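Here's the structure, in structure tokens; my notes come after.
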Amino acid sequence: MAKLKRRSTAHHLAELAARLDGSPEGHDDNAMRVMNRLETAVERLAGQSAAAGRERERLCVAANHISEGVVICDELGEVVFRNTLAEAYAGARHGDALVERTMAELLAAALEGSTGSEHLDLWGPPRRALVLSALPLQDRHRTVGAVAVVEDVSERLRLEAMRRDFVANISHELKTPVGAIGLLAETLAAEDDADVTRRLAGRMQVEAERLGRIIEDLLDLSRIEAEEGPVREPVPLHLAVGQAVDRLQGLADLRRIHLEVVVDQEVSVLGDSRQLVSAVHNLLENAVKYSDSGSTVRVEVGDRKDGVAVAVVDHGIGIPERDLGRIFERFYRVDRARARDTGGTGLGLAIVRHVAHNHGGQVSVTSKEGEGSTFTLLLPRGPTGSRTFLPANPLPAAT
Ligand code: ADP
């Protein structure tokens, strides 16, 4: 009896070994050989299981690094995986609960075989636009689960809207002087009086110059925007300021405005001298344009505890408080009629903001209507003693 049982145990083990190592033979009554085969098969399976564990870990880490929320469920609809981003929706309230609900509906539909997507606008704060999509996971002809992906498209939509606005604004800005030139040319063609002809030609010239300025500023802006990582060379700020002041002296003289430069300390920044000259030039040009004849515009260069700064101080017309938050937007002008008189393009401060951004700095403004404005360009401090490394002519002429 005992012998029969022993044989049947040995027989079972032999069969188990055959199933584990995949050999066709199920009968092997040599206990030692069966044990060896079992040992090898168990080791192999343990290795495979560890490899599968590592594989899963790798996939989890990878899924946690992607910028979309990912949820995977099995064929019964049970969630078997959720990456970190998607975890925020589980058990959430308000808007995120709506995301979770929509995701569950899309997953259920995907298990039925249909691929779908939904757009959700969450009012926040912060306001977000999400696109949710789900599709069935199929293994040959069998649905083994479904995957849902949540993509935050807020930034993409914001950029698209900005681009659309920008194109609309450019078209509008260009249309005005082009329309004026067309009209003037038409009048000119029908005019015999020499005086009137001269006056009309003069106005055409003004409009053409305005058109030229807009195009120049647009090119400047697009070049500066494209240079996300600008040239990194030591730029002594007082030299950049000096160059901007030189370029503006003519306009200042014309408007009888005194330009004063105060250098508290000769400081340097690491950056693109051309961009920095252009930024200071734009600030100075505004200060001169929006100041009354006979007043003084002061530029201060110095070291501050949070970086190095160029401050442009004027005693001009100032900016209403309600506009302060918007003047750095492209084409924004406080008073269109006034800006037209001064030949403004509405792009100068957008250029300054971009230059500051490209250099890891910022531009700020304080202003009081009727009293004047102070624009401050604050930049990260450059290497100390950088002047010793300067090339012979560190500031190529900015165009
Ligand atoms: P613009 O070419 O029209 O000057 P900017 O982008 O340089 O365009 O400036 C935007 C608006 O901000 C200007 O239209 C003007 O209304 C206002 N502004 C800028 N600088 C000053 C200043 N120093 N004093 C008063 N208003 C200013």
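The values are calculated or read from the model by the stated rules, or taken from the named source; none is laboratory data. A quick note: this is a predicted structure, and the numbers were derived from the prediction, not measured. Ideal geometry is used to build each Cβ from the backbone, glycine not excepted, and the neighbour counts take in all protein chains shown. Remember, those area values only see protein heavy atoms, side chains included, never the ligands or the DNA or RNA. Shrake-Rupley method; radii C 1.70, N 1.55, O 1.52, S 1.80 Å.
If one computes the Cα centroid of segment 109-155 and of segment 279-317, what distance in Å separates the two points?
Cα centroid to Cα centroid, the span is 53 Å.
Provide the packing ranking of 354-366, 140-152, i.e. peptides ordered by the mean count of other C-beta atoms within 10 Å per residue, highest first. Each step should come with its number before you reach the end.
On the way: 354-366: 18.9, 140-152: 16.4.
Going by the mean number of other Cβ atoms within 10 Å, highest first, we get 354-366, 140-152.
State the answer as a single residue: which of GLY348, SER154, VAL61 lies farthest towards the positive end of the charge dipole of the chain, with beta carbon charges of +1 for Lys and Arg and -1 for Asp and Glu, about the Cα centre.
VAL61
Once a ≥ b ≥ c are taken as the square roots of the eigenvalues of the Cα gyration tensor of segment 130-202, is the result rounded (a/c under 1.5), prolate (a/b larger than b/c) or oblate (a/b not larger than b/c)? Show your work: numbers first, answer last.
Working: a/c = 12.75, a/b = 5.22, b/c = 2.44.
Verdict is prolate for segment 130-202.
Using the Cα centre of segment 290-336 as origin and beta-carbon charges of +1 (Lys, Arg) and -1 (Asp, Glu), tell me which of ALA311, VAL334, VAL299 is placed farthest towards the positive end of the dipole.
VAL334
Given Cα pairs under 8 Å that are at least 6 residues apart, what percent is the relative contact order of segment 154-230?
Working: 25 pairs, mean separation 23.3, N = 77.
About 30 percent, as a whole number.
Please say if segment 170-210 is rounded, prolate or oblate, where rounded means a/c under 1.5 for a ≥ b ≥ c the square roots of the C-alpha gyration tensor eigenvalues, and otherwise the choice is prolate for a/b larger than b/c and oblate otherwise? Don't jump to the answer; show the numbers that get you there.
Numbers: a/c = 5.26, a/b = 2.12, b/c = 2.48.
Verdict is oblate for segment 170-210.
So, taking all protein chains as they sit and a 1.4 Å probe, how much accessible area belongs to SER295, in Å² rounded to tens?
Only protein atoms counted, so the area is about 20 Å².
Would you mind classifying the chain by shape? Square roots of the alpha carbon gyration tensor eigenvalues, ordered a ≥ b ≥ c; an a/c under 1.5 is rounded, otherwise it is prolate if a/b is larger than b/c and oblate if not. Don't jump to the answer; show the numbers that get you there.
Values: a/c = 3.76, a/b = 2.46, b/c = 1.53.
Prolate shape, in that a/c is at least 1.5 and a/b is the bigger ratio.
Ranked highest first by the average count of other Cβ atoms within 10 Å around their residues, in what order do 322-331, 231-240, 304-313 fall? Kindly include the intermediate steps, with their values, before the conclusion.
Values: 322-331: 15.3, 231-240: 20.3, 304-313: 17.6.
Descending packing order for the listed peptides: 231-240, 304-313, 322-331.
Relative to the longest principal axis of the chain, what angle (0 to 90°, nearest 10) does the C-alpha long axis of helix 94-111 take?
50
Pick from ASP314, ASP165, ASP193 the residue whose mean-square fluctuation is largest in a GNM of the chain, springs joining Cα atoms under 10 Å.
For the chain, modelled as a Gaussian network with Cα springs under 10 Å, the answer is ASP193.
Between the helical axis of 2-21 and the dominant principal axis of the chain, each derived from Cα atoms, what acute angle in degrees is found, rounded to the nearest 10?
It works out to around 30 degrees.
Pop the C-beta distance of HIS172 and ARG322 into the FRET formula with R0 = 35 Å and round what comes out to the nearest 0.05.
Details: r = 22 Å, r/R0 = 0.64.
Computed FRET efficiency for HIS172 and ARG322 comes out at 0.95.
Could you please state, rounded to a whole Å, how far the C-alpha centre of segment 169-192 is from the C-alpha centre of segment 234-266?
Here the two parts' Cα centres lie 36 Å apart.
Counting only protein heavy atoms and using a 1.4 Å probe, what share of the accessible area of the chain belongs to carbon plus sulfur, as a whole percent?
Details: 12730 of 23530 Å².
Carbon and sulfur: 54 percent of the exposed surface of the chain.
If you place +1 on the Cβ of every Lys and Arg, -1 on the Cβ of every Asp and Glu, and leave all else neutral, what size is the dipole of segment 85-211 about its Cα centre, to the nearest 20 Debye?
On the way: 15 positive and 21 negative charges, 63 e Å.
With Lys and Arg at +1 and Asp and Glu at -1, about 300 debye.
Compute the distance in nm between two label points, each set 7 Å from the Cα along the Cα-to-Cβ direction, one at ARG58 and one at ARG142.
According to this spin-label approximation, the distance is 2.5 nm.
According to the Cα gyration tensor, what semi-axes, each the square root of 5 times an eigenvalue, does the equivalent ellipsoid of segment 160-235 have, listed from largest to smallest in whole Å?
Values: eigenvalues 270, 58, 5 Å².
Working from the Cα gyration tensor, I get semi-axes of 37, 17, 5 Å.
Assuming R0 = 35 Å, can you tell me the calculated FRET efficiency for the pair HIS119 and THR366, based on Cβ-Cβ distance, to the nearest 0.05?
Numbers: r = 42 Å, r/R0 = 1.20.
For HIS119 and THR366, the calculated efficiency is 0.25.
Hey, with R₀ at 51 Å, roughly what FRET efficiency would ALA226 and LEU45 work out to, going by the Cβ-Cβ distance, to 0.05? If you can, show how the numbers build up before the last one.
On the way: r = 57 Å, r/R0 = 1.12.
For ALA226 and LEU45, the calculated efficiency is 0.35.
Name the long-range amide H neighbours of VAL262: under 5 Å, sequence gap of 5 or more, or other chain; modelled H, no Pro or chain starts.
Residues meeting the amide H criterion: VAL299, GLU300, VAL301.
In percent, what relative contact order does the chain have, based on Cα pairs under 8 Å that are 6 or more apart in sequence? Let's see the in-between values first.
Details: 620 pairs, mean separation 41.1, N = 399.
Here the relative contact order equals 10 percent.
Just ALA62, ALA17, ALA88 to compare: in a GNM of the chain, with alpha carbon springs under 10 Å, which one fluctuates most?
Taking springs between Cα atoms under 10 Å, the residue moving most is ALA17.
Within a Cβ distance under 15 Å of LEU188, other residues only, what is the Lys/Arg minus Asp/Glu net charge?
Numbers: positive: ARG198, ARG199, ARG203; negative: GLU186, GLU191, ASP192, ASP193, ASP195, GLU207.
Net charge around LEU188: -3.
With springs connecting C-alpha atoms under 10 Å apart, model the chain as a Gaussian network and identify which of GLU112, GLU266, GLU300 has the largest mean-square fluctuation.
In the Gaussian network model the winner is GLU112.
Please work out the average accessible area per residue across segment 271-360, using the 1.4 Å probe convention, and give it in Å².
Details: 3350 Å² over 90 residues.
Heavy-atom SASA per residue in segment 271-360 reads 37 Å².
Net charge around VAL131, counting only other residues with Cβ within less than 12 Å of its Cβ (Lys, Arg = +1; Asp, Glu = -1)?
Around VAL131, the surrounding residues sum to -3.
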